[in-house]
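Engineer: The structure is given below, and queries will be raised subsequently.
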Amino acid sequence: MSIDGELAGSLLGRSDSPLAVPATKPLVFRLKQGTIPCFRPPALFPAKQGRPASRSLKFPRPPTATISKEMVNLMVGNPVKFKVRAVITVRRKIKEDIRGAIANRLDALSDKIGRNVALELISTEINRRTKAPMKSGEAVVKDWFEKNKNRGAQLVYTAEFAVDSGFGEPGAVAVSNRHQREFFLESIVLEGFPSGAVHFVCNSWVQSTKDRKDSRVFFAAKSYLPWETPEGLKKLREKELAEIRGDGSGVRKLSDRIYDYATYNDLGNPDLGRELSRPILGGEKKPYPRRCRTGRPPTDTNLQCESRIEKPHPVYVPRDEAFEELKQDAFSAGRLKAVLHNLIPSLIASISAENFDFEGFHDIDNLYKEGLLLKLGLQGHLLHKLPLVKKIQESSHGLLRYDTPAILSKDKFAWLRDDDLGRQAVAGVNPVNIERVKVFPPVSKLDPALYGPPESAITVAHIAGHLNGMTVNQAMEEGKLFMLDHHDTYLPFVDRINALDGRKTYATRSIFFLGPLGTLRTVAIELVLPPPAGGGERQSRVLTPPWDATTSWLWQLGKSHVCANDCGVHQLVNHWLRTHACIEPFILAAHRRLSAMHPVFKLLHPHMRYTLEINALARQSLVSAGGVIEACFTPGPLCMEMSAEYYRRHWRLDQESLPADLIRRGMAVEDSSQPHGLRLLLDDYPYADDGLLIWSAIDRWVGFYTSRFYRDPASVLGDAELQSWYSESINSGHADLRHATWWPSLSTPSDLASILTTLIWISSAQHAALNFGQYPLGGYVPSRPPLMRRLLPESQEEHAAFLADPHQYFLSAMPSVLQTTKFMAVADTLSSHSPDEEYLGGSKQVVEWAEEAEVLEGYREFAAEIERIEEEIEKRNGDTLRRNRCGAGVMPYELLAPSSGPGVTGRGVPNSISI
């Protein structure tokens, strides 16, 4: 158990703690009109059958030090030096390589001659004569290498100081590591001061003085706004931020803690050929958010592009942003599993130009039942050329077999029903694109001079017979017509995509009718191709629900193209761009401009964990040229250009909050009489229903938290660090959109709470809803293909082949064996929780506010509300009137259920974007 957890337990669970909060004292959040009061249960976290252990906030008492006799003398007024004892908790490395073992031996010897780990206390007060902070003098950490032999995840050391009675309150600790290698410092607790125990929450790597000459400074857990900073800490606060910002030059070392900005000029590798060259994202031509700068030298063939570092070599992120060992092991295991899953198809593809298709749906089923390539017709002469493949198949059946996706185990044929496409739009892995039809026929916003008339080809005649006797106008007025409209996102890229080998797409629209039971039925699909280059009419094909065998197969092909469009928008826009990429500039700016003592930094810190690392890994192998995303999704090498175009035309921070997004899409209207101030137009919209519970809980918690520090607009406007953070997030992090007029202002406490709530929502619940269902809900490729390889039959030859064998035509339009297995392997990895995941409302965040009793109590209320939300979601999933989440073969909607165990669970809301 980490010291974080132990401190959390002592602060929340001990009646004798100076920070203990009386259980009977009520906490009242300031509520906006129409919101629900915060729920207080009779116990903090009542025990529940089957709950993951990580949800509990009860922990054993932490290691502490005793008060010295000198302290007693001081308390009765004798001006003497007194002893202070520091308890230092260090996290042990789980695995030790040979170099590490040698370094340990050398450090054991050097420790005996004074090259050791030492601490120095820094007071919050200054010496009135020298005007410098008062310091205690160094104290050496005792028994470093003797205790290093102990087993356990944490090692606890001590150091003793003789402190003058006029020292004042300690505000910082300087740590000098004179050993050969870094160590991970979890916490320091000082006891012996008149004010009581002083906590330092570190959770950081301390580099050797051979890599970093200066001591590493850690501040006490107490929050200070800039103007509240004690005299003894002011210069340290400024110095720490300056070091973290760096000077914008040089190649970054893996041990650095420097946060800076760069464009996406590292996606391609032009040195390996023109086919791997990619445009730079970020700048006037192709606006895009900024990434973390690494400073690598340029490529040989294009000086504007940064050279790449390929796997398995690590990409730079600031040292404390890198995965910890548990996370790294889990991620590496998932990546190994993905490699094994895709090994045999990749080997066969490397010696054969033939693109192997599935011969039947039973071949896809065999991926889950019997392992790769069995009964796929691929053994033959290819296996004679690759005897290794046969050996792998015979010895590694378990590793090469895929887990059955949850959607397949529930109802293997659900994807064939017309209501399932609508259910996926409100309770699937991409529930954020469905919108209300406000104008009929739908109208494009693209330039008609380039893309033809803006009106959709779907007419009243196409859908009138499918509206339960309503006219189209009646259905629109009563909120019964909805659509998935990917037309404008895809159409500018369709010709370039269709020119690629083995990629075919349309720009699609789908119209849904809301039936009396609250489910959505697909009533029309539009498949659009752009006008020919030389001019002419746009090519549009409208499909309606089938009446015979031929139209049934065409209808199924049309739905597959809709799903492929939706997969691309989900991955490239909603998942990667709107969560991963757009949040990164705010994280960089937070580290560069907000001190670790700043209350806003403390609030955001749990929601920034691992995001820079996972984004760097994505640029290395997922969204890069020739990477997994290009290989698995229809746009191929145009994937990131499509993402950038959406950013340029559509992304707005002021519309990224859940309420604003629902209103923008016409899925809700403002209504102060409703619990969340909104009235949903769909009574059964699982993503929005559950999302509003979590949004409101975050909103109340953030509003309460910010009100403790900011009482009026002057306090917000006068906070130089806060204003600098927000300004830099816009002007440097989102520089290409900095002149937009829609950026929310940061002038009042309400403005601040709104911005922070949106960022925390994006990092936690929004990302969870878009990420952790990828394999459980999308791992069966026929139900949701990530790419398509054929259009609907057009020529006489194609039509004849389609009529002769529609089953085979459909499978040949689906991804190939190699594309399918690669997609499934990656989706499985991305859908997995690591064992050290930190979830919304969890206990580890408590130590951030160890010195603020009122904030601690507020967080306790927030954690209790998250527990209540989980119970409500379980209740909803058992409600038979909610047919989009409960029914025969219907998947319960659990993507926003807050807690989860490790692995692929289809549930869980981590604090941050960590995968």
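Engineer: Which stretch or stretches of region 491-512 have amide N atoms under 18 Å from the point lying 7 Å from Asp447's Cα along the Cα→Cβ direction?
Structural biologist: 491-496
Engineer: Of Leu450, Gly479, Gly422, which is farthest on the positive side of the dipole of region 415-559, counting Cα position, with +1 on Lys and Arg Cβ, -1 on Asp and Glu Cβ, and the Cα centre as origin?
Structural biologist: The one lying farthest along the dipole's positive direction is Gly422.
Engineer: Past the 27 Å Cα-Cα mark, which pairs from Lys410/Lys559; Lys147/Lys235; Lys83/Lys602; Lys131/Lys213; Lys286/Lys504?
Structural biologist: Over 27 Å apart, Cα to Cα: Lys147/Lys235; Lys83/Lys602.
Engineer: Right, another one. Which whole-angstrom value gives the distance between the alpha carbon centres of region 454-510 and region 598-652?
Structural biologist: Cα centroid of region 454-510 versus Cα centroid of region 598-652: 28 Å apart.
Engineer: Now for a separate question. Taking the Cα centre as origin and putting +1 on Lys and Arg beta-carbons and -1 on Asp and Glu beta-carbons, what dipole magnitude results for region 138-228, to the nearest 20 debye?
Structural biologist: Approximately 500 debye in magnitude.
Engineer: Please work out the FRET efficiency for the pair Phe361 and Arg92, using the Cβ-Cβ distance as r and a Förster radius of 56 Å; give the result to the nearest 0.05.
Structural biologist: Calculated value: 0.65.
Engineer: Find how much the distance from Ala549 to Glu874 grows on full extension, using 0.36 nm per residue of separation minus their present alpha carbon separation; answer in nm with one decimal.
Structural biologist: Here the answer is 113.0 nm.
Engineer: Rounding to the nearest 20 debye, state how big the charge dipole of region 415-559 is about its Cα centre with +1 on each Lys and Arg Cβ and -1 on each Asp and Glu Cβ.
Structural biologist: 180 debye
Engineer: Between region 655-726 and region 809-832, how many Å separate their Cα centres?
Structural biologist: Spelled out, the Cα-based centre of one part sits 37 Å from the other.
Engineer: Another question about this same structure. Region 786-806 to region 886-900: how many Å between their Cα centroids?
Structural biologist: So the two Cα centres are separated by 36 Å.
Engineer: Given the Cα-Cα distance of Leu276 and Trp227 and 0.36 nm per residue of separation, how much length would full extension add, in nm?
Structural biologist: So the extension gain works out to 12.5 nm.
Engineer: A further question follows. Calculate, for Glu169 and Glu138, the FRET efficiency according to 1/(1 + (r/R0)^6) with r their C-beta to C-beta distance and R0 25 Å; round to the nearest 0.05.
Structural biologist: 0.80
Engineer: Further, regarding this structure: Please give me, ordered by residue number, the trypsin sites (Lys or Arg not before Pro) of region 195-251 that lie in loop per DSSP and have at most 14 other Cβ atoms within 10 Å.
Structural biologist: Lys210, Lys213
Engineer: To continue, here is another question. Once you put a point 7 Å from the Cα of Ala714 and another 7 Å from the Cα of Asn148, both along the Cβ direction, what distance in nm separates them?
Structural biologist: 5.5 nm
Bear in mind these aren't lab numbers, they're just calculated from the coordinates by the rules spelled out. Please read these numbers as outputs of a predicted model, since none were measured by experiment. All Cβ positions, even for glycine, are placed from backbone atoms using ideal geometry, and neighbour counts span all protein chains on display.
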